[in-house]
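Trainee: My questions will all concern the structure given below.
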Amino acid sequence: MNHDNYVPEDIDNGQRAVACPVCGTNIPNNPKDMLFEIEAIDTDFRIHTLQDDLLDDWLIQCPVCYYVSHDFASPPKNLQEVSVYVESPAYLDQFSDNNPTTLELFRAYQGILAVDGARSYLIGDCFMRIAWLFDDEGDDIQAVENRKKAIEYFERSLLETDMNTKDVSMSHYLMADMHRRNKDFDKARKNLYNLDTSIKMMRKLFDFQWKLINEKKSGIVHLPREESPDEVLS
């Protein structure tokens, strides 16, 4: 990968920049307040816009050391271990050129999360997003396998102590949706029973998902706009 011609033009134009936590290079950070016009939101909270596929821009990569993250302003908690991993051949050999695909970036990010000992729901969220990529390619086998992995990590997240009531409900909801997508409707129902329906948003999500499960609909479904949540777990 060649970074000799890298010029941080976006920084010069006033976009937010942060230092890469691994090598210190100043690069534009992934803004959390990007403006876009929403076209639809899926039941697993994937956002579709009228402009670009947000999944293609969700991760950013340092052009010097190739560290990958969603938000460079939040450095790894185990920075030394991650730095050693990012500098290793095992990590660098993942990239065949200086224009990695979205899937390659997500695979690299998965490895970084594992080395960093990231919270389970972050790893589960990553697997879920990779499943979206395989859905886009029509690769049902890989989409199902990645949803299974996502469910496994969301289940682990329920044992972590930093989960509040809403996060617990959201984890169960996401697992219910992924089981439905994988056509395991019985497990989808069991997860849905664990939602705290005293929370207005959860009540609406429960009702909509329950109908899909009972009708054995396993495809991608958009949420009604009035039921799209204003917050998600990740």
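The values are calculated or read from the model by the stated rules, or taken from the named source; none is laboratory data. The model shown is predicted, which means the values in this text are computed figures rather than measured ones. Don't worry about glycine lacking a Cβ; one is built from the backbone with ideal geometry, like all the others, and counts go over all protein chains shown. Only protein heavy atoms, including side chains, enter the accessible area calculation; ligands, DNA and RNA are left aside. Shrake-Rupley method; radii C 1.70, N 1.55, O 1.52, S 1.80 Å.
Trainee: Being among the hydrophobic types (A, V, I, L, M, F, W, C), free of Cβ contacts under 8 Å to residues at least 40 places away in the same chain and open to solvent by less than 30 Å² (accessible area, probe 1.4 Å) is the requirement here; does ALA131 meet it?
Mentor: Details: among the hydrophobic types (A, V, I, L, M, F, W, C): yes; free of Cβ contacts under 8 Å to residues at least 40 places away in the same chain: no; open to solvent by less than 30 Å² (accessible area, probe 1.4 Å): yes.
For ALA131, the condition - among the hydrophobic types (A, V, I, L, M, F, W, C), free of Cβ contacts under 8 Å to residues at least 40 places away in the same chain and open to solvent by less than 30 Å² (accessible area, probe 1.4 Å) - is not met.
Trainee: All but one of (1) open to solvent by 50 Å² or more (accessible area, probe 1.4 Å); (2) assigned to a loop (DSSP other than H, G, I, E, B) hold for ALA118; which doesn't?
Mentor: The single condition ALA118 does not satisfy is (1).
Trainee: Then there is this: Which of the residues spanning the range 73-103 are under 14 Å from the mean Cα position of the chain (by Cα) and buried (at least 17 other Cβ atoms within 10 Å of the Cβ)?
Mentor: Within the range 73-103, just THR102 meets the criteria.
Trainee: Could you list all residues from the range 166-193 that are open to solvent by 40 Å² or more (accessible area, probe 1.4 Å) and either modelled with pLDDT of 95 or more or among the hydroxyl-bearing types (Ser, Thr, Tyr) (or both)?
Mentor: Answer for the range 166-193, where residues must be open to solvent by 40 Å² or more (accessible area, probe 1.4 Å) and either modelled with pLDDT of 95 or more or among the hydroxyl-bearing types (Ser, Thr, Tyr) (or both): LYS183, ASP184, ASP186, LYS187, ARG189, LYS190, TYR193.
Trainee: If you don't mind, another one. Would you call ALA108 in contact with a Pro (Cβ under 8 Å, 6 or more places away or on another chain), free of Cβ contacts under 8 Å to residues at least 60 places away in the same chain and either assigned to a loop (DSSP other than H, G, I, E, B) or more than 30 Å from MET202 (Cα to Cα) (or both)?
Mentor: Criteria met by ALA108.
Trainee: For residues that are assigned to a loop (DSSP other than H, G, I, E, B) and either within 21 Å of VAL221 (Cβ to Cβ) or open to solvent by 50 Å² or more (accessible area, probe 1.4 Å) (or both), tally how many sit in the range 41-69. Explain how you work it out, then say what you get.
Mentor: Step one: list which residues in the range 41-69 are assigned to a loop (DSSP other than H, G, I, E, B), which gives 43-46, 50-53, 58-59, 62-67.
Next, from what is left, pick out any that are either within 21 Å of VAL221 (Cβ to Cβ) or open to solvent by 50 Å² or more (accessible area, probe 1.4 Å) (or both): 43-46, 50-53, 64.
Number satisfying all stated conditions: 9.
Trainee: Would you check which residues across the range 206-225 are open to solvent by less than 70 Å² (accessible area, probe 1.4 Å), among the hydrophobic types (A, V, I, L, M, F, W, C) and in contact (Cβ under 8 Å) with a residue 60 or more places away in the chain and list them?
Mentor: PHE208, LEU212, VAL221, LEU223
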